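As structure tokens, the structure follows; a few thoughts come after it.
Read-outs throughout are calculated quantities, based only on the coordinates presented, and are distinct from any laboratory measurement. All figures in this text were calculated on a predicted structure; none of them were measured in a lab. For neighbour counting, all protein chains shown are included, and Cβ atoms are generated from backbone atoms with ideal geometry for every residue, glycine included.
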Amino acid sequence: MPTLNTCLRGPTRQGWRMPFSRRWSCEKEDRSEIGLMGRIGQMEKMERMALIRHVYVHSPFCRRKCPYCDFFSVEQDEPGAPLRERYFAAVAAEARLFHEEHGAGLAWPLETLYLGGGTPSLVEPERFEALIEALSGISAAPAPAHAVPALEFTIEVNPDSATDDRLLALRRIGVNRFSVGVQSFSYEALALLGRIHSARQGVEAVQRARFAGCDNGAQARVSLDLIYAIPGQSVEDWRRQIDQAIALEPDHISAYGLTYYEGTRLIERRQAGDLQPVCEEDEALMFEAAHAALTAAGYEHYEISNYARPGCACRHNQAVWRGEDYLGLGAAAHSRVAGRRWSNPADIEAYCTAIEAGRLPRQFHEEPSGGPLWRMDRLMLGLRTSEGVDLTRWPAAERKAFERDNAATVRRMVEEGLAIEEAGRLRLTLGGWLAHDAVVGALYRGQ
């Protein structure tokens, strides 16, 4: 039998590559053929839910869709366009409909609010301000201030839309964390990725974001996104990119390996032979180089693709990775609330039409309540993080089944240096992260 380490150089190792957007990188997407209303007719009304503390809002508008991106977005760059007005009115209405149908309120203040896209920084801040007012209107009685962490309010920002005026306006509505899509400091790489900003604009956007509105309070936290394994990029090129990122002193850095998704222009170019992907050996070296440089600079490697200064991890993503409830609003948004998962249609017209008719256009997905699928779900998310999986918190029957089926596999993982098991907690090493999907697959099969 081949060892798990063979996966580091084999095709199954591709699973450790991450999607480019943090909000769904931590959530498996169900692409099965289910009708728009899915299993709604088969479900009884949800029981009254606990307060929801984490909200994601999808803003699908972009100036131009990047050729590597498979997330839902539309090219629309007209400020004040009727479509934007209609869309954000529907998002606010969706929150109210959800509250009316299920009696589920929002904790206020929330613990995290995340505006993703698309390019939400293209949208007029006053639209988000109106949405925040709508959300506060369906909140339940707020928890005591001492029991609720300060709101982490994140917005994804593209450098070409990160003007001083726009960033200041976003700070005034409460944004305190900017996630800047720099992606690369190389003009050639930016051109290949189809980005419409320059390397210089990327640097300036990070600097502007840090100091926007600091005259009236504390600086905003800044996260910086980078992509590696770009065709033509060497390991040394990537090390220089990391050094440039560190020099900007962001609070958080996300480093994603370039992935070729079906249906994107990038994979069409690959299939046509127009570009040559970076070999897997070099991609693994790039992953290891990022870990070495960023941890040496004081960043904690707290998730496969994410690094943070102490105390600066993305709390929104951490909530999802830990299996906490979160409500997703907008077209293509995903939710997990009270043991149910659903997604909205990736179509603005279908989404808005349903909401305007007073109907939540949800497609429900199976949420395993126990057994192998339940265990795999927890392993897929938990083993992505440095915390790993705390087996002592699993239901007794699930932990017993896991230990029965996987004792030999876990022992082999530990012997091969892919995992660490201590005090009932299982977590992966750096090598284990490189083989994440293969490791989880082996645990699922009990091999």
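Looking only at the range 234-255, which residues have a backbone nitrogen under 18 Å from a spot 7 Å from the Cα of A191 in the C-beta direction?
Counting backbone N atoms under 18 Å from the label point, the list is 234.
Which FRET efficiency value, to the nearest 0.05, do you get for Y261 and A140 by plugging their Cβ-Cβ distance into 1/(1 + (r/R0)^6) with R0 = 35 Å?
0.35
Once both labels are modelled 7 Å past Cα along the beta-carbon direction, what's the D243-D274 spacing in nm?
Simple spin-label model gives 3.3 nm for this pair.
What is the range 368-447's relative contact order, in percent, from Cα pairs under 8 angstrom and six or more apart in sequence?
37
So what's the gap between the Cα centers of the range 196-234 and the range 407-437, to the nearest angstrom?
For the range 196-234 versus the range 407-437, the Cα centre distance is 35 Å.
Using a Förster distance of 25 Å, how high is the FRET efficiency between D405 and T429, based on the Cβ-Cβ distance and rounded to 0.05?
Here the calculated transfer efficiency is 0.70.
Within a 10 angstrom radius of the beta carbon, how do I246, I196, I155 rank from fewest other beta carbons to most?
I196, I246, I155
Tell me which GluC sites (Glu not before Pro) from the range 242-315 have a DSSP coil assignment and no more than 12 other beta carbons within 10 Å of their own.
Sparse-neighbourhood loop GluC sites (Glu not before Pro): E262.
Sort L115, L294 so that the residue with the fewest other Cβ atoms within 10 Å of its own Cβ comes first and the one with the most comes last.
L294, L115
Give me the base-10 log of I(q)/I(0) for the range 157-303 at each q in 0.09, 0.12, 0.15, 0.21 Å⁻¹, Debye formula, one uniform scatterer per Cα, rounded to two decimals.
-0.31, -0.53, -0.79, -1.28
If we count other beta carbons within 10 Å of each Cβ, what is the order of D251, D347, fewest first?
D347, D251
Provide the gained length on full extension for the span E129 to R200, in nm with one decimal, where the gain is 0.36 nm per separating residue minus the Cα-Cα distance.
22.5 nm
Calculate the length of the line joining the C-alpha centroid of the range 247-297 to that of the range 66-112, in whole Å.
So the separation of the two Cα centres works out to 30 Å.
Can you find, among A350, A218, S234, the residue sitting farthest towards the positive end of the charge dipole of the range 211-368, where Lys and Arg contribute +1 and Asp and Glu -1 at Cβ?
A350
What does the charge dipole of the range 224-296 about its Cα centre add up to, to the nearest 20 debye, if the Cβ of each Lys and Arg holds +1 and the Cβ of each Asp and Glu holds -1?
My answer is approximately 200 debye.
So if I average 1/r over every pair of distinct C-alpha atoms in the range 298-385 and take the inverse, what Kirkwood radius in Å does that give?
Final number for the Kirkwood radius of the range 298-385 is 15.0 Å.
Once you have the alpha carbon radius of gyration of the range 368-447, what is it after dividing by 2.2 N^0.38 Å, with N set to its residue count?
Here the Cα radius of gyration is 0.96 times the empirical estimate.
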